[in-house]
Structures are given as C-alpha cells and as structure tokens.
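What follows draws every value from the coordinates through simple rules; no lab data is involved. Computed from a prediction, not measured in an experiment: that's the story for all the values here. Methodologically, a virtual Cβ is constructed for each residue, glycine included, from the backbone with ideal geometry; neighbour enumeration extends over all protein chains shown.
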Amino acid sequence: MIAQILVDGITSGAMIGLGAIGLTLTYGLLRFANFAHGEFATWGAYLALLVAGAIGPADPLGPLTFGWPLLAALAASMVLTALLAAALDGVLFRRLRRHGSAITLVIASFGASLALRSALEFGFGPQPWYYTRDIAMTVRLGPGMRATWDQLAVLGLAIVLMLAMHLLMTRTPLGRAMRAVSENPDLARLAGIDPARIVRVTWLLGGALAASAGVFLGVTVQLRPSMGFELLLPLFAAAILGGIGSVPGAMLGGLIIGIAEAASVPLAGAQYRAAVAFVVMLAMLLVRPSGLFGGRGG
Amino acid sequence: MSGLASYACFFFTVALTYGVATLGLNLQWGSAGLFNVGVAGFAAVGAYAAAWLTAAPAAGHWGGFQLPIALGWIGAMAAAALAAAILGAITLRLRADYLAITTFGAAVTIELVALNAQTLTGGPFGIAFIPKPFEALADRPLAFGAANLALVAAVAALAYWALERLTGSPWGRVLRALREDEAAAASLGKAPDAFRLQAFVIGAALIGLAGAMQAQFFGFIAPDNYLPVLTFQVWVMLVVGGSGNNRGALLGALAVWALWSFSGTALAALLPGTLQARGAALRVVAIGVVLAGVLLLRPRGLIGERATVSRHISG
C-alpha cells in the first residue's frame, strides 16, 4: 500500500517537478507568477498528438504502448512549445514589463491562460484524447508495488531531462548567466550579460520542460483541455515549497507534492486530490515562506 | 415590446450583480492593491450560504432554513467575509503575488468542495428552488423584472455610496498610501496588515453578496457557475472600467457584460450547430484578447483613477 503510494507519487511528482522548473525560473527572473504556465503543458501534449498523428502509426517499443513516433513528437512539441512561450512573452509580457507593474503581468497571464486553453478546447473539443488505445502492461516491482512500463519509461525520461537541466544550470556559462541575472540583473549587465537574451532563453527552456510534462501526463493519464490548468496549483505549490527561483527546489517540491497527493487518495478520496497541493502550500507559507531552498520568498 | 423591456430588465439586473462584485474587487485591488484571483470562490461561498439560509428543506443538500432573503444576503456577506479573514490572516503579510496564488488555490478548493461534498451542496446537481425576490409578481414578467432591477440597483447604489465614503475617508487614504509606499505609511504609524485585512474582508463580503444575489435571481446554483472564468470576467470588468474608480467598476461591469452577452448571441447565430458547444470557448478567447488589448493600449481603462492631489498644492 505505502510502497504503491510511493511509486504513483514519484511518477506524478516527476512531472510536476518538470513543469515547476520553468515556472520557478520565470518567477525568479521576472518576479511574476505566470498563470499561463500550465497551458504550455497542455499545448505541448496536444502538439505532440498532432505530430505523432502526422507521422503515423508504428510498432510499440518493447512493452510500452507507444513507439518512436511519440518520442519524435515529444522532441518536436518541446521545440514548438518553447517557441510558443517565447512568442507569448514577446507579444504580451515583454511589452507590459516595460510600463506595467508585476501584478499587471499576473492579470495578463491569467487572461492568456484562459484564452490558450479555450482555443485548444475549440480545436479539439472537450472530450479526452489518447496517444494510443493500447492497454498499458504493468510490471511488479516488489511486494504490493506495481507500475506500468509507460510510467517507468516516463520517469526515466523525466530524470534524464532534470539531470540535463541541473547540469545546464550549474556547469555551463549559460546557466551561470541565468543565475546571475536572476540574482541581480544590474550587476549581471555590468558583467556583460544581456538580460533580454537570458529572459528569452528562460522562456524557451521553461516552455520545453512544461511541454515534456504535458506529454508524459498524456502518456500516463489522458489529454484534456484542462489538464495543464489543473496542474497549475501543484506547480505553484512545488515552486513555493522549493523556494522561488531554485531549480533543485522545484524538483524536490514536485516530488513532495506528488507523494502527498498520492498519499491523500486513500485518506480523503481521489476527488480531493487537487486540494492537497493547496493545503501543503498554505502550511509551507505559514512555517517557512521562503521555501526549502531559501529562494526569494517571504 | 414588453418582451424586449423585460429582457432589458434582466440584462441590467445581472450586469449590476456583476457590478457589485466588481466594486468589491475594486476595493481590494484598486484601493488596497490586493490581488485576489479567487473571486469565483468568494462568490460561491456567498451563493451557497444564501441558498442554505433561504431555500426550503430538500433531500439533496444541507440547509433549508427558509429565512427571509435579506437575512440570506447578510449571511452570505458574513460567510464570504469569514473565508477572507481566515485566508487573509495567513497570506496578507506575505508578498503580493503569494496572495494571488493562495486565493486561486482557495477558489479551486471551494469549487472541489461544492462539487464533492454532496450532502452539503448537492454536488454536481447543485441547489434548485432558491426563492426569488418578488415571487408574487412572477406571472407578470415586466413587473417582476422591474422590481428585481430596482432591488439590485438599490443594493448597487448603496454599495457604491458606502465605498465612495470609505475610500474618501482617512481610512481610504491610508489604504492608497500603503499601496503606493508601504514603508512610508508604516513609518507614520499605520499598521499595514490590519488595514489590508479590513479592505480584503469588506471586498470579499461584497463579492459574496453578488454571488448571493445571482443565486437568488436565477433560483439555481451549481459548481459550474463558479469556474475560474467568473474570476476572469470580474477582473476584465474592473480593468476595462478603470481600477481605482468605483464608477469605472460599475461602467466596466455593464460594458463587459454587454460584450459577453452580445458575443454569445452572435456566436450562436454565426456558428453551425455542430460547433455550438465549442463556441463558448471562443467567447473566452475573445474576452481574453480584449483584456490584453486594454492592458497594452489603455492601461487606465475607460475611466481611470482620479489623481489625488493635496488641496494645498492644487490651490
């Protein structure tokens, strides 16, 4: 029972963590809570559906329900969603940053979120979509622990993406520049870093990672127009839990929220799952508003 | 002709209930700079409280106290104010955008409770047969509509008058001072958290009242009425009308509700039957684009906030 909660919690936590990385980075860099971030996950999932559909069917890989077309679609959708995020910034947020307050940006992002979601709902309808109708095969991991091969594959891919992101942030000049601009934009500019370029890169990375979270959610659950919006509260909770601006914090926060959600199901029933993130977040704000990794909160 | 007149009454009645909610949000955001993304949640609290207090007992849900409608509305304001007091006590001392996230979370949680606590709320089926004001007139549509409109107009006028008095008073000045420069206001001995909490609670009470009035005019509520799109509508009303200005809030509510109703009719007429269900989604896209356009091109809204200058300077 407890072991099964861990398996489910860690897989969904990894997806929350992937989405929260982009949210916490743009939040730390631009100082605004982007309510449209969840829609990048939704758009990522649906874009992958379109690309995979265009490639056509292929044999599934081993015990998985999907084949190489979905992996190609994942890569394509990450690129496309990254461009979507950068475009949204260019059309809306960048102009508002010039003369508006941070909170004007939040209103605008709330509007953008509803518009992006409604546009998808118009195109695809409110009914759920699936990448495949095949039954996912499960594997026994230990006593009372089962996972589908899909879940394990998704978890593996998520870990690879997170590791790559961590290495990028800590080991490359680009990552150093991103952290520098987030810490102190003026000092970073003095050191010859172009903040506008860093902002663009942050949107691209955040959009791509959110798209991957959306595709993984689509593989393990289903695609619905509201999937990203429902992910938004867990994403915020993970970002606040880990400390705004902290990439490892977002990953750990995602894991904690995922496990807490999975643990709540036998206690309160699956229907209140979404409220768990809210309760954990409130508790964190009461006890330690700056987050586990002491980000820019409080 | 009388059909058109009763439609006009209905249109303005609904628009003015939105106006009251927008006035409440204007106190929170326009005067105090508090960012509430949970408008739908507070409206839901008010609506369900009023429904429990005034409706007849029914097997499907809790409540059924059959109190007079006026008591139901007072109860709705009290319930929304209580919810705001609890949430505000936790989050108002934190940075502004955390309030946005937590009010959003509260609204999502309230919607979940409305949907799932079946014995309390009737679950997805909601609560029906909520008594309407002036039910005795129901067989004469025009008189019924006019009486309802007069009632909601009186409530809106009262709320407007009270808010004008409040925001013009020293209390309102402190709120604006805190919004502009918290450190300077605090150095003058004003306790920021207490003033903010008061503004947040009063604003939420008005939003709860708006929810209660809508419940009472429609006679039926369900969790579907309190989705984030409601929050968004009220925000667009405030931004379009001009935040910081109570007249702007009312004007924005009328203008955006007109746009919303008109776009619904237009989409119904233009789209083929198969796309009707999806047409509702296009409406949200259109309103979202209007919001972005106003924010980018006319950030002050139709009527912006009046500049407050000391009479010693302006002479």
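Some observations on this one:
- For chain B, the extents of the C-alpha atoms along the principal axes are 59, 42, 36 Å, listed from largest to smallest.
- Rounded to whole numbers, the Karplus 3J(HN,Hα) couplings from phi for segment B:22-29 are 5, 4, x, 5, 5, 5, 5, 8 Hz, using 6.51 cos²θ - 1.76 cosθ + 1.60 with θ = phi - 60°, and x at Gly and Pro.
- Relative contact order, whole percent, for segment B:17-117 stands at 32, derived from Cα pairs under 8 Å and 6 or more residues apart.
- Cα-based radius of gyration of the protein assembly as shown once divided by 2.2 N^0.38 Å, which approximates compact folds: 0.98
- With Cα atoms, 0 to 90° folded angle of helix B:246-270 axis to chain B main axis: 40
- The amide H of A:Thr148, built 1.01 Å from its N in the peptide plane, has A:Val139 as neighbours under 5 Å, considering only residues 5 or more places off or on other chains.
- Averaged over the residues of peptide A:266-278, the number of Cβ atoms from other protein chains lying within 10 Å of each residue's Cβ is 3.
- Long-range amide H partners of B:Leu271 with built H, under 5 Å: none
- Three semi-axes describe the equivalent ellipsoid of segment B:156-315; taken as square roots of 5 times the Cα gyration tensor eigenvalues and ordered largest first, they are 36, 19, 14 Å.
- P(r) weight above 37 Å for chain A, C-alpha pairs, percent: 12
- Counts of other chain beta carbons within 10 angstrom of each beta carbon in peptide B:280-286 average 6.
- Footprinting exposure proxy ranking of A:Met251, A:Met145, A:Met1, B:Met213, fewest other C-beta atoms within 10 angstrom first, gives A:Met1, A:Met145, A:Met251, B:Met213.
- For segment A:147-298, the ratio of Cα radius of gyration to the globular rule of thumb 2.2 N^0.38 Å stands at 1.14.
- Between helix B:276-297 and chain B there is an angle of about 20 degrees, using the helix long axis and the longest principal axis of the Cα atoms.
- Averaged over the residues of peptide A:120-127, the number of Cβ atoms from other protein chains lying within 10 Å of each residue's Cβ is 4.
- When B:Glu182, A:Glu261 are arranged by Cβ crowding within 10 Å, least crowded first, meaning fewest neighbours, the order is B:Glu182, A:Glu261.
- For chain A, the longest principal axis of the alpha carbon atoms and the long axis of helix A:247-268 meet at an angle near 40°.
- The charge dipole of chain B, taken about its Cα centre with unit charges on the Cβ atoms of Lys, Arg (+1), Asp and Glu (-1) only, comes to about 620 debye.
- Sequence of A:Thr11, A:Thr104, B:Thr121 once ranked by neighbouring C-beta atoms within 10 Å, starting from the fewest: A:Thr104, A:Thr11, B:Thr121
- Amide H to amide H distances under 5 Å link B:Asn245 with no residue, where only residues 5 or more positions off or on other chains count and H is placed in the peptide plane.
- Calculated from backbone phi, Karplus (6.51, -1.76, 1.60) coupling profile of segment A:270-279 in Hz, x at Gly/Pro: 5, 5, 9, 3, 5, 6, 4, 4, 5, 5
- Debye intensity ratio in log₁₀ form over the Cα atoms of segment B:1-136, taken at each q of 0.09, 0.17, 0.21 Å⁻¹: -0.33, -1.02, -1.28
- Mean separation of Cα contacts under 8 Å (6+ apart) over length of chain B, as relative contact order %: 30
- Loop-located chymotrypsin sites (Phe, Trp or Tyr not before Pro) in segment A:126-161 (DSSP state not H, G, I, E or B) with no more than 13 neighbouring Cβ atoms inside 10 Å: A:Tyr130.
- Normalised by the number of residues in segment A:1-80, the mean separation of alpha-carbon contacts (under 8 Å, six or more apart) gives a relative contact order of 22 percent.
- For segment A:222-229, Karplus couplings with θ = phi - 60° (6.51, -1.76, 1.60), whole Hz, Gly/Pro x: 6, 9, 9, x, 9, 4, x, 5
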